[in-house]
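The values are calculated or read from the model by the stated rules, or taken from the named source; none is laboratory data. Worth saying up front: this structure is predicted, and the values here are computed from it rather than measured. Don't worry about glycine lacking a Cβ; one is built from the backbone with ideal geometry, like all the others, and counts go over all protein chains shown.
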Amino acid sequence: MSGHDSKYFSTTKKGEIPELKEELNSQYKDKKKDAVKKVIAAMTVGKDVSSLFTDVVNCMQTENLELKKLVYLYLINYAKSQPDLAILAVNTFVKDSQDPNPLIRALAVRTMGCIRVDKITEYLCDPLQRCLKDDDPYVRKTAAICVAKLYDINAELVEDRGFLDTLKDLISDNNPMVVANAVAALAEIQENSTRPIFEITSHTLSKLLTALNECTEWGQVFILDALSRYKAADAREAENIVERVTPRLQHANCAVVLSAVKMILQQMELITSIDVVRNLCKKMAPPLVTLLSAEPEIQYVALRNINLIVQKRPTILAHEIKVFFCKYNDPIYVKMEKLEIMIKLASDRNVDQVLLEFKEYATEVDVDFVRKAVRAIGRCAIKLERAAERCISVLLELIKIKVNYVVQEAIIVIKDIFRRYPNTYESIIATLCESLDTLDEPEAKASMIWIIGEYAERIDNADELLESFLESFPEEPAMVQLQLLTATVKLFLKKPTEGPQQMIQVVLNNATVETDNPDLRDRAYIYWRLLSTDPEAAKDVVLAEKPVISDDSNSLDPSLLDELLANIATLSSVYHKPPETFVSRAKSTSTRQDDEEYADAVETGYSESPSYTVENPAVTSTSSSTVRQTGSAAPASSSAPTSPPAPVQDLLGDLIGLDNAIVPVDQPTASYGPALPVLLPSSTGQGLQISAQLVRRDGQVFYSLLLENSSQMVLDGFMIQFNKNTFGLAAAGPLQIPTLQPATSTRTLLPMVLFQNLSPGPPNSLLQVAVKNNQQPVWYFNDKIPLHIFFSEDGRMERTSFLETWKALPDSNEVAKDLLVAVIHSIDTTIEHLATANVFFVAKRKNANKDILYMSAKGPRGIPLLIELTAAVGVPGVKCAVKTPSPELAPLFFDAMENLLK
Amino acid sequence: MGILFTRMLSSVFGNREARILVLGLDNAGKTTILYRLHMGEVVSTIPTIGFNVETVQYNNIKLQVWDLGGQTSIRPYWRCYFPNTQAIIYVVDSSDTDRLVTAKEEFHAILEEDELKGAVVLVYANKQDLPGALDDAAITEALELHKIKNRQWTIFKTSAIKGEGLFEGLDWLSNTLKA
């Protein structure tokens, strides 16, 4: 290698960035402007031009509005990546916020709000304050929104500087747009705060109602949303408000209409006059109907909201069921929602029409839609007693078409109809039995088997029918197996003849010996014992009267419904979920505290394994269906235990196999388990927080990690590395952490190995850890190695060998220390507690008022540790002496004991 | 090539441009001087967090004057403005005797910069209107201006409020830059 090769690295050709840099510093304005445009173009296509930050910012002080806007755009994009240099822009913001041109003042204040850099927010308060009191309404309305943005960056600052009060004053502004934006900002702030900030008084109320008529459509939405949270003092006030808002129902913008509906529904709660309520309902119907002539996407949103509205006030749309009839070219998601609403609106008056529609739908091509239509018929039958017979006849007609999935779906709903109207329609069983062979779906099979078992006495060949299913018993899904079991028992109880007796032998044998399913096995055993001890009692239990069902599927819990109605015209009402279940930012601080409290409460015991729901397919799926109530004797099908006792956890831990017990990211485990100490706070880790601790599980050392991503980025490619340490701890495999989305967390157990990278020198407990990912720099943090994680399970020593070992070691190997904070409350619990940490009890004696415990443990590399604890029960302070071939471990040992005895 | 050519042209027509930095500790009067030069009047200022830039036409020279914030937190970013600078106006608060040492250190640190090797230096001993203000000789001493080698420099007594001494300084600057 000669020195000449360096020429390959130096090139005369300049890159794009230096060229741009030169142009940005040009003295010619046109060239400068072109350069900034080029920079923005590069930025838009994703090239990193952040290195030009100062050069672009230097173009900021210009008379040219176009250039200024471009520079502002650049700033919004890159201020975060150059937080230090962003300070150079402050003075220009301050100047621009005093510019004679209101457009520039507003532009400055708007851009300021978009720059989320802590270091400069404080400097921006004065200009913001000025702009909030600007003469020009355009500047004021822009500044109002900026307060909400600032609140998100630094809530304390906003409160300290009194911006909230200024914002509240803006509600009385004489410009309606300013009012609307102030309302929007306050509502936004309120959502992120737990304290009451924005409360409408009777004074602001009249201001809002006046502004409502004058501001833009989106301003109206903000105001209506705010008004719907207002609690009117009495019915009169509510009526007045509603009266002022009713014209909004005619607005062309769907968002305004829905918000107005929401607001009126909320205030209607207070209105007592039936006439007024009826009148309002009448007024709300046409705008809701109009929403259904919009694009399918808007129709869907409208339908989801209407679904909630009709649950609360069915009268509003009672006469409008025709608009919910499906058109052939409706998208499937609109059709499904329309069906749902049709069922809710079906009444004795319109049921004929509705049934005709349903029947029509049941012959369409889309399988899901057809199935839902058949179910809809069934639900109508259950809902409307007088229509039940007509529903049944429609179902029978459909069965005759012999389309496989229609038949199966029909059988499922007929089973529900039998439950609803016992002893009414059993005559059709024969028709159902004809289709027996075609059934191949578990739910349909299970339903049919239930019918056979329930009406065994009326079906002459019930035993033959059931027998045909029995052959394939082991291969059937659990749902069908459970039904077969119950149906056979019912058959036997109803017809205690030889055939059924043989069958029941086979079934019980299959269900107890051959199966792995605990539900099935338990249920079979219960039947078995019932039958063998008291057949009469079995009859009472299995053939007991069943409660009559009602159609409550797909209707929401009243309190949830009220919450959703308060959120009409938001995502929440489309998802039919309360906002806090899918918006993680809102009030996240309060939930966080709950988690911590919970974690403290379960200091001991671990649940690294996924939270288990004992799967019970027979129970979980069907909502109103009878399958779950097969006789009253279905104890095993009670819902899954939510908090299994500790031993079960251990067992499950074993079953799952902790070697690869890496919890998938979507498991909601983050909030469970003992609190891990935070080693890398999110403030240091740019939003990544790492909590971790070394733990021992089943004879192996693991590094238990909790990673929480509160940054705005998706983090992936996690790796971990441990520095040399006294015990040579190192990761046994790569860190298995899936991609970490923003605002999620994940837990993992990393298996560790010993004696891999030993550090020389006297033993110490320091463990230095480095964690990296693809998005962030490498994070370093320190952890402590607690010695007791090395204590192995085979550390128990017999009394004699303890004595021998003790004697064999020279006295110089004995080290003692007073553990001041340690305390022994009770000898037995201490022994038990230490045994869980693999410190085993050998012997004890009493000396004066003190108890002396002799214990043993086996440290790393099998080093024996002979321990003598001297303490008075209940008095803090334990004298701990340890004798070991490696006395240099003693300091670490005392630390561990102090921890264990705390 | 292009730049050289335009320079030659502009010198023929007697209209030259120069880039000038106004530096100094905070509260030395930089922003006031800038606007005194730009608009001829005294404006009320607040501490400059960042920069101001204005063009000042003087004696056929178009001066692009950059006034940079003097607070400790902003001083590290001065260097972003060093390239292509023809002159530095260093402003000293002559009445702030306590911080003259800091002013001197910052001043000499600037002179060390490679990118400012060719820049001429004009020192304003500002705030002469205040009682107890040191005169130009004392400031020369305090800033150790005599240690400057290989560079043209001068010092003027100024008062930005009264408008004294500023344009004498600019006279010197324009003559030096034209030469």
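Taking first residues from the stretch A:523-538 that are surrounded by fewer than 13 Cβ atoms within 10 Å (Cβ to Cβ) and partners that are assigned to a helix (DSSP H, G or I), the Cβ contacts under 7 Å between residues at least 6 apart in sequence or on separate chains come to A:537/A:530. Just one of (1) within 10 Å of another protein chain (Cβ to nearest Cβ); (2) over 17 Å from residue B:50 (Cα atoms) fails for residue A:93. It is (2).
A quick yes/no check of all residues on (1) touching an Asp or Glu at 6+ places or on another chain (Cβ under 7 Å); (2) touching a residue at least 24 places away in the same chain (Cβ under 8 Å); (3) more than 28 Å from residue A:753 (Cα to Cα); (4) surrounded by 15 or more Cβ atoms within 10 Å (Cβ to Cβ):
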residue: A:782; (1), (2), (3), (4): no, yes, no, no
residue: A:790; (1), (2), (3), (4): no, yes, no, yes
residue: A:793; (1), (2), (3), (4): no, yes, no, no
residue: A:804; (1), (2), (3), (4): no, no, yes, no
residue: A:817; (1), (2), (3), (4): no, yes, yes, yes
residue: A:828; (1), (2), (3), (4): no, no, yes, no
residue: A:842; (1), (2), (3), (4): no, yes, yes, yes
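So, in the stretch A:545-561, exactly how many residues are in contact (Cβ under 8 Å) with a residue 60 or more places away in the chain and within 19 Å of residue A:313 (Cα to Cα)? Lay out the reasoning, then the answer.
Start the filter on the stretch A:545-561 by keeping residues that are in contact (Cβ under 8 Å) with a residue 60 or more places away in the chain, which leaves A:546-556, A:561.
Imposing the further condition that a residue be within 19 Å of residue A:313 (Cα to Cα) reduces the set to A:551-556, A:561.
Within the stretch A:545-561, residues that are in contact (Cβ under 8 Å) with a residue 60 or more places away in the chain and within 19 Å of residue A:313 (Cα to Cα) number 7.
Can you tell me which residues in the stretch A:227-280 are of a type in the set (Lys, Arg) and under 16 Å from residue A:204 (Cα atoms)?
The first filter runs over the stretch A:227-280 and keeps only residues of a type in the set (Lys, Arg), leaving A:229, A:231, A:236, A:244, A:248, A:262, A:278.
A:229, A:231, A:244, listed by residue number.
Among the candidates A:106, A:86, A:79, which residue alone is of a type in the set (Gly, Ala, Ser), more than 27 Å from residue A:776 (Cβ to Cβ) and either within 13 Å of another protein chain (Cβ to nearest Cβ) or crowded, with 18+ Cβ neighbours inside 10 Å (or both)? Even if it seems obvious, please write down each step before you answer.
Details: A:86 fails: more than 27 Å from residue A:776 (Cβ to Cβ); A:79 fails: more than 27 Å from residue A:776 (Cβ to Cβ).
A:106 is the lone residue from the list that is of a type in the set (Gly, Ala, Ser), more than 27 Å from residue A:776 (Cβ to Cβ) and either within 13 Å of another protein chain (Cβ to nearest Cβ) or crowded, with 18+ Cβ neighbours inside 10 Å (or both).
Residue selection: residue A:513 satisfies the criterion of being without any contact (Cβ under 8 Å) to a residue 60 or more places away in the chain and either surrounded by fewer than 23 Cβ atoms within 10 Å (Cβ to Cβ) or not hydrophobic (A, V, I, L, M, F, W, C) (or both). Annotation note: Cβ proximity below 8 Å between a residue of the stretch B:140-163 that is within 24 Å of residue B:98 (Cβ to Cβ) and assigned to a loop (DSSP other than H, G, I, E, B) and a residue that is modelled with pLDDT of 90 or more and polar (S, T, N, Q) (sequence gap 6+ or interchain) occurs for B:158/B:126; B:158/B:128; B:160/B:32; B:160/B:126; B:161/B:32. Considering the stretch B:80-98, the residues that are in a loop (DSSP other than H, G, I, E, B) and in contact with a helix residue (DSSP H, G or I) (Cβ under 7 Å, 6 or more places away or on another chain) include one that is nearest to residue B:110 (Cα to Cα), namely B:82.
Condition check ((1) under 16 Å from residue A:776 (Cβ atoms); (2) surrounded by fewer than 21 Cβ atoms within 10 Å (Cβ to Cβ); (3) in contact (Cβ under 8 Å) with a residue 24 or more places away in the chain) across all residues:
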position	(1), (2), (3)
A:688	yes, no, yes
A:711	yes, yes, yes
A:719	yes, yes, yes
A:726	no, no, yes
A:734	no, yes, no
A:742	yes, yes, yes
A:748	no, no, yes
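Filtering the stretch A:85-139 to residues that are more than 16 Å from residue A:173 (Cβ to Cβ) and among the aromatic types (Phe, Trp, Tyr) leaves A:93, A:123.
Output the residues belonging to the stretch A:105-117 that are part of a helix (DSSP H, G or I) and either β-branched (Val, Ile, Thr) or farther than 30 Å from residue A:775 by Cβ (or both). Lay out the reasoning, then the answer.
Taking the stretch A:105-117 as the starting set, the residues that turn out to be part of a helix (DSSP H, G or I) are A:105-114.
A:105, A:106, A:107, A:108, A:109, A:111, listed by residue number.
Of the residues A:271, A:309, A:298, A:223, only one is within 30 Å of residue A:156 (Cβ to Cβ) and either modelled with pLDDT under 95 or within 31 Å of the chain's Cα centre (by Cα) (or both); which? Answer to the selection: A:223. Within the stretch A:76-104, the residues that satisfy the criterion of being assigned to a helix (DSSP H, G or I) and under 15 Å from residue B:77 (Cβ atoms) are A:85, A:86, A:87, A:88, A:89, A:90, A:91, A:92. The single condition among (1) closer than 24 Å to residue A:104 by Cβ; (2) within 14 Å of another protein chain (Cβ to nearest Cβ); (3) surrounded by fewer than 14 Cβ atoms within 10 Å (Cβ to Cβ) that residue A:18 does not meet is (1). Are any of the residues in the stretch A:160-176 farther than 28 Å from residue A:213 by Cα, surrounded by fewer than 17 Cβ atoms within 10 Å (Cβ to Cβ) and not assigned by TED's automatic domain parsing to the domain that holds residue A:710? The answer is yes, given that some residue of the stretch A:160-176 is farther than 28 Å from residue A:213 by Cα, surrounded by fewer than 17 Cβ atoms within 10 Å (Cβ to Cβ) and not assigned by TED's automatic domain parsing to the domain that holds residue A:710.
Within the stretch A:272-295, does at least one residue satisfy the condition of being buried (at least 19 other Cβ atoms within 10 Å of the Cβ), not aliphatic (A, V, I, L, M) and not in a helix (DSSP H, G or I)? No, the conditions are met nowhere in the stretch A:272-295.
State yes or no: is residue A:824 crowded, with 20+ Cβ neighbours inside 10 Å and either in contact with a Pro (Cβ under 6 Å, 6 or more places away or on another chain) or at pLDDT 85 or above (or both)? It would help to see each step written out before you state the result.
Values: crowded, with 20+ Cβ neighbours inside 10 Å: yes; either in contact with a Pro (Cβ under 6 Å, 6 or more places away or on another chain) or at pLDDT 85 or above (or both): no.
Against the criterion (crowded, with 20+ Cβ neighbours inside 10 Å and either in contact with a Pro (Cβ under 6 Å, 6 or more places away or on another chain) or at pLDDT 85 or above (or both)), residue A:824 does not qualify.
With the structure loaded, tell me whether residue B:82 is modelled with pLDDT under 95, within 12 Å of chain A (Cβ to nearest Cβ), surrounded by fewer than 21 Cβ atoms within 10 Å (Cβ to Cβ) and closer than 19 Å to residue B:25 by Cβ or whether it fails that test. In short, yes. Of all residues in the stretch A:50-75, those satisfying the criterion of being more than 12 Å from chain B (Cβ to nearest Cβ) and closer than 16 Å to residue B:80 by Cβ are A:50, A:71, A:74.
Consider residue A:416 carefully, then state whether it is out of contact with any strand residue (DSSP E or B) (no Cβ under 6 Å at 6 or more places or on another chain), of a type in the set (Asp, Glu), touching a residue at least 24 places away in the same chain (Cβ under 8 Å) and crowded, with 22+ Cβ neighbours inside 10 Å. Yes: the conditions hold for residue A:416.
Looking only at residues in the stretch B:47-79 that are in a loop (DSSP other than H, G, I, E, B) and more than 8 Å from chain A (Cβ to nearest Cβ), which one is surrounded by the most Cβ atoms within 10 Å (Cβ to Cβ)? Before you say what the answer is, go through the steps one by one.
So in the stretch B:47-79, the residues in a loop (DSSP other than H, G, I, E, B) come out as B:47-50, B:59-60, B:69-74.
Checking which are more than 8 Å from chain A (Cβ to nearest Cβ) leaves us with B:47, B:59-60, B:70-72.
On the way: B:47: 15, B:59: 15, B:60: 12, B:70: 24, B:71: 14, B:72: 11.
Applying the filter and picking the extreme gives B:70.
Within the stretch B:85-128, restricting attention to residues that are surrounded by 15 or more Cβ atoms within 10 Å (Cβ to Cβ) and within 13 Å of another protein chain (Cβ to nearest Cβ), the residue that is farthest from residue A:25 (Cα to Cα) is B:86.
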